[in-house]
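Participant: My structure is below; once you've seen it, I'll send some questions.
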Amino acid sequence: MNQHRPARIRGVTGFELLLCLGIVMLVLLLASPQLGPIIAQHQIRAAAAHLKGDLAHARSIAIGRITRTTVCAGNPREGCNDAPWHSGWISFFDADGDRQRSENEELLRTHEGIGHLSIIGSRHRTRLSFFPSGTAPGSNARFTFCAPAQAAAAHQFRLSVSGRIRTSSNSEFDHDVCRA
């Protein structure tokens, strides 16, 4: 009769596990400085996409519903408060055209603050209104997105008076804006 010996099962010792974890931690520690700019760039692009999306949404609503809409730095409680854009923004139907949300004006979208980033907007374009034609009268508005100590990751886009949004290339704007 032929007896089979059971296969030897070998596990991982505690020492081997600690050694492996130590190597993984060392690699992560060495890689973390290189991850900073990548993470900052991702956060900046995401924040820019949110604001671009809310501006495009407000414009399309103004055209589709043939009514004026406004996007401004602020919050649902206080309305437009001329705070920095990274404090948050709202968009709403602006039935009376005063570029300030009244209680009877429907809120379209809100975006809470982005505390770790700076959004530097055009000084005189803190409240952006879209007319039923899709235009945003006034002057072009510029938005620069910055992360602390990561000026190279900055992102900028412009809103023209025609209501169109155009992303600026890295060579088109001064990254020193973010160092100030």
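The values are calculated or read from the model by the stated rules, or taken from the named source; none is laboratory data. Bear in mind the structure is a predicted one, so any value in this text is a computation, not a measurement. So basically every Cβ, Gly included, is an ideal-geometry build from the backbone, and we count neighbours across all protein chains shown. Surface areas here come from the heavy atoms of the whole protein model, side chains and all, with no ligands, DNA or RNA. Shrake-Rupley method; radii C 1.70, N 1.55, O 1.52, S 1.80 Å.
Participant: Please specify each residue of segment 103-121 satisfying the condition of being open to solvent by 30 Å² or more (accessible area, probe 1.4 Å) and either under 11 Å from Pro84 (Cα atoms) or aliphatic (A, V, I, L, M) (or both).
Facilitator: Within segment 103-121, Leu107, Leu108, Gly113, Gly115, Ser118, Ile120 qualify.
Participant: Please verify whether segment 141-160 includes one or more residues that are open to solvent by 60 Å² or more (accessible area, probe 1.4 Å), closer than 22 Å to Ala62 by Cα, basic (Lys, Arg) and under 18 Å from the mean Cα position of the chain (by Cα).
Facilitator: Yes, there is a match, as at least one residue in segment 141-160 is open to solvent by 60 Å² or more (accessible area, probe 1.4 Å), closer than 22 Å to Ala62 by Cα, basic (Lys, Arg) and under 18 Å from the mean Cα position of the chain (by Cα).
Participant: Looking at Arg77, is it assigned to a loop (DSSP other than H, G, I, E, B), without any contact (Cβ under 8 Å) to a residue 40 or more places away in the chain and either within 20 Å of Ile165 (Cβ to Cβ) or touching a Gly at 6+ places or on another chain (Cβ under 8 Å) (or both)?
Facilitator: No; evaluated as a whole, the condition is false for this residue.
Yes/no per residue for (1) closer than 14 Å to Arg59 by Cβ; (2) within 14 Å of the chain's Cα centre (by Cα); (3) of a type in the set (Phe, Trp, Tyr):
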| site | (1), (2), (3) |
| --- | --- |
| Glu78 | no, no, no |
| Ala83 | no, no, no |
| Gly88 | no, yes, no |
| Phe93 | yes, no, yes |
| Gly97 | no, no, no |
| Glu103 | no, no, no |
| Ser122 | no, no, no |
| Pro132 | yes, no, no |
| Thr135 | yes, no, no |
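Participant: Is it the case that some residue within segment 65-74 is part of a loop (DSSP other than H, G, I, E, B) and modelled with pLDDT under 90?
Facilitator: Within segment 65-74, none of the residues are part of a loop (DSSP other than H, G, I, E, B) and modelled with pLDDT under 90.
Participant: Scan segment 29-80 residue by residue and report those that are closer than 30 Å to Asn170 by Cα, open to solvent by less than 40 Å² (accessible area, probe 1.4 Å) and touching a strand residue (DSSP E or B) at 6+ places or on another chain (Cβ under 6 Å).
Facilitator: Selection gives Ile44, Ala47, Ala48, Asp54, Leu55, Ala58, Thr70, Val71, Cys72, Ala73, Gly74.
Participant: If you don't mind, another one. Name the single residue that is nearest to Ala58 (Cα to Cα) among those in segment 161-180 being part of a loop (DSSP other than H, G, I, E, B) and open to solvent by less than 40 Å² (accessible area, probe 1.4 Å).
Facilitator: Per the criteria, the residue is Gly163.
Participant: Suppose we keep only residues that are surrounded by fewer than 10 Cβ atoms within 10 Å (Cβ to Cβ) and either in a helix (DSSP H, G or I) or touching a Phe, Trp or Tyr at 6+ places or on another chain (Cβ under 9 Å) (or both) within segment 1-17. Which one would you say is modelled with the lowest pLDDT?
Facilitator: Gly14
Participant: While we're looking at this one, here's another question. Checking the structure you have, find out if any residue of segment 86-102 is touching a Ser or Thr at 6+ places or on another chain (Cβ under 9 Å), among the basic types (Lys, Arg) and at positive phi.
Facilitator: Yes, segment 86-102 contains at least one residue that is touching a Ser or Thr at 6+ places or on another chain (Cβ under 9 Å), among the basic types (Lys, Arg) and at positive phi.
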